[in-house]
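To keep things clear, I will list the structure first and then write my remarks on it.
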Amino acid sequence: MILAKVIGNVVAPIKTESHENGKILVVRPIDLKGNFTEPSIIALDVAKSGIGDCVLVIREGNSIRGIMHNDKAAVDALIVGVIDYIEVDGKQTELS
């Protein structure tokens, strides 16, 4: 799993069956301080996130297929949660 920030939308009026019930978003991985760490990726959103949100992204196929209940899902990155803050060593960090 990775932390990421939603930075854009992908508009696709025609989608494969596995993408029909979710938004497709552009996310960019971040570190615990909110700094970008890697290039952007495309992810299917099942957590109802939006631009500017910090999110939790799964990039492992078997986990994604299990969450989606679809063994044939053509998805390699799935947004599974919106993050309000992270707590490390008793200190809370806001990521937005």
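Taken together, the values in this text are just the output of simple stated rules run on the coordinates, not laboratory data. The structure presented is a predicted model; accordingly, all values stated were derived computationally and were not measured. Cβ: placed from backbone, ideal geometry, glycine included. Neighbour counts: every protein chain shown.
Hey, can you tell me all the residues within the range 18-75 that are more than 11 Å from residue 4 (Cβ to Cβ), among the β-branched types (Val, Ile, Thr) and in contact with an Asp or Glu (Cβ under 8 Å, 6 or more places away or on another chain)? Selection gives 24, 64.
Restricting 63, 49 to those that are among the small types (Gly, Ala, Ser), in a helix (DSSP H, G or I) and surrounded by 13 or more Cβ atoms within 10 Å (Cβ to Cβ) reduces the list to 63.
Within the range 15-46, the residues that satisfy the criterion of being among the β-branched types (Val, Ile, Thr) and either in a strand (DSSP E or B) or in contact with a Pro (Cβ under 8 Å, 6 or more places away or on another chain) (or both) are 24, 26, 27, 30, 37, 41, 42.
Output the residues belonging to the range 1-16 that are among the charged types (D, E, K, R) and either without any contact (Cβ under 8 Å) to a residue 24 or more places away in the chain or touching a helix residue (DSSP H, G or I) at 6+ places or on another chain (Cβ under 7 Å) (or both). Lay out the reasoning, then the answer.
As a first pass, look at the range 1-16 and keep what is among the charged types (D, E, K, R): 5, 15.
Of everything in the range 1-16, just one residue is among the charged types (D, E, K, R) and either without any contact (Cβ under 8 Å) to a residue 24 or more places away in the chain or touching a helix residue (DSSP H, G or I) at 6+ places or on another chain (Cβ under 7 Å) (or both), namely 15.
Considering only the range 26-57, state which residues are in contact (Cβ under 8 Å) with a residue 40 or more places away in the chain and closer than 18 Å to residue 10 by Cβ. Across the range 26-57, the qualifying residues are 27, 49, 50, 51, 52, 53, 55, 57. Taking the conditions (1) part of a strand (DSSP E or B); (2) over 18 Å from residue 1 (Cβ atoms) in turn, residue 81 satisfies each one other than (2). Per the listing 53, 45, the residue uniquely of a type in the set (Asp, Glu), out of contact with any Gly (no Cβ under 8 Å at 6 or more places or on another chain) and within 16 Å of residue 83 (Cα to Cα) is 53.
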